[in-house]
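Notes to accompany the following structure.
Bear in mind these aren't lab numbers, they're just calculated from the coordinates by the rules spelled out. Since we're looking at a predicted model, the values are computed, not measured. Methodologically, a virtual Cβ is constructed for each residue, glycine included, from the backbone with ideal geometry; neighbour enumeration extends over all protein chains shown.
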Amino acid sequence: MFPSPSPLHTLPDERWAARGVELLIKRDDLLAPAPNDPFCGNKWRKLQHNLLRAQAQGATTLVSFGGAYSNHIAALASAGQHLGMATAGIIRGEAVSNPTLAQAAGMQLHFVDRPTYRQLTATPTWRALADLKIFPDLDQAGTYLIPEGGTNAAALPGCAALARELLQQSSSPPTHVAVACGTGGTLAGLVQGLDGGSLALGISVLKGNFMTATVAALLQQYTGHTWPGWRVHETFHHGGYARSSPELAAFIQKFYARHGILLEPIYTGKLFYALEQLLEAGFFPEGSRVVGIHTGGLQAFASSLAK
Ligand SMILES: Cc1ncc(COP(=O)(O)O)c(C=O)c1O
């Protein structure tokens with residue numbers, strides 16, 4: 001596994017062809033140590049430099065935070081197993097089991113109430129974790145903390161490398177490169193790697209008009225300046241995080257029937273649905289080459305969608 005570079009190919013579609021616009025997909029979902037491994041897609045891109053840093057620091061335990069359906073938590077658990085490192089996850093809300101957490105095999109999970117979770121994730125520190133006394137064996141030197149969603153300074157270089165890889169693979173450069181946004185870290189890294197050469201498009205999967213400001217703040221914080229060549233669309237959330245709509249569900253089925261590629265309803269389904277809506281609204285000028293990044297996240301959905 002780990003096909004590198006991850007495949008890039010055109011999605012044949014008469015509606016796109018009729019408007020003179022090419023739609024391509026970058027299959028980062030295939031970038032994984034094993035089929036259906038949650039350590040894939042943007043998780044692989046965002047975690048790789050964090051894991052190198054953790055190893056360079058001599059850390060033995062990786063600790064992070066997430067909701068009960070966090071792809072990041074499942075990916076970190078898997079990464080820890082591949083590297084032989086211990087992992088611990090602080091999970092928001094009451095104890096539950098679901099297919100995503102089932103993937104977090106080998107990870108110590110600890111569920112905390114929402115106020116405690118908010119407090120811990122606002123400024124994640126080893127001291128705050130230690131004060132909770134939930135992981136008695138945790139020692140400061142051996143612990144590497146990764147924020148919720150895996151977005152930190154070390155997450156951006158892997159996503160910038162994705163953009164450069166894509167540019168190298170393209171016979172003619174894409175005009176638009178699009179990705180789904182949760183924390184905005186993947187888009188921030190893409191913007192850096194594209195460096196104004198193609199328009200980076202973010203599709204926010206969350207309700208509310210804050211993603212543009214969030215991405216701008218991440219770029220400022222982690223690169224020290226503002227960047228041209230990007231924008232976020234905030235109206236394709238289908239009701240909010242992990243909410244869906246009959247249109248989205250039908251689109252995902254249709255996409256699978258047409259292209260044989262699975263999307264999931266939380267991120268990549270919303271991304272490709274949004275691209276089709278933008279096409280129909282005339283957003284892409286004739287001659288555009290639009291690349292959608294398949295960021296993975298399928299582990300909890302693959303069996304139900306492929307039926
Ligand atoms: C499959 C998938 N795609 C996209 C995203 C969004 O990435 P980011 O949080 O960096 O915006 C996530 C997670 O957050 C994800 O799990």
Response to the item:
For T60, the net charge from surrounding residues (Cβ-Cβ under 13 Å; K, R +1; D, E -1) works out to -2
Discussion item. Please list, in order along the stretch 273-281, the HN-Hα scalar couplings obtained from phi with the Karplus expression 6.51 cos²θ - 1.76 cosθ + 1.60 (θ = phi - 60°), rounded to whole Hz, x for Gly and Pro.
Written reply: 4, 4, 4, 5, 5, 5, 4, 5, 7
Worksheet item: Which entries in the list K43/K133; K133/K207; K43/K270; K26/K270 go over 26 Å, if you measure between the two C-alpha atoms of each?
Response: K43/K133; K133/K207
Practice prompt. For the stretch 1-155, give the share of DSSP beta bridges that are antiparallel, in percent and rounded to the nearest 5; count only bridges with both residues there.
Written response: 20
Fill in: Whether the chain is rounded, prolate or oblate, judged on the alpha carbon gyration tensor where a/c under 1.5 counts as rounded
prolate
Item to complete: Per residue of the stretch 160-165, in order, report the coupling 6.51 cos²θ - 1.76 cosθ + 1.60 (Karplus, θ = phi - 60°) as ³J(HN,Hα) in whole Hz, putting x for Gly and Pro.
Response: 5, 5, 4, 5, 5, 4
Worksheet, complete the sentence: Relative to the chain, whose Cα atoms define the longest principal axis, helix 41-56 and its Cα axis are tilted in degrees, nearest 10, by 40
Worksheet item: Which peptide among 157-168, 138-149 comes first, and what is the full order, when sorted by highest mean count of other Cβ atoms within 10 Å?
Response: 157-168, 138-149
Worksheet item: If you plug each phi of the stretch 184-196 into the Karplus form 6.51 cos²θ - 1.76 cosθ + 1.60 with θ = phi - 60°, what whole-Hz ³J(HN,Hα) values come out, in order, with x for Gly and Pro?
Response: x, x, 5, 4, 4, x, 4, 4, 4, x, 6, 6, x
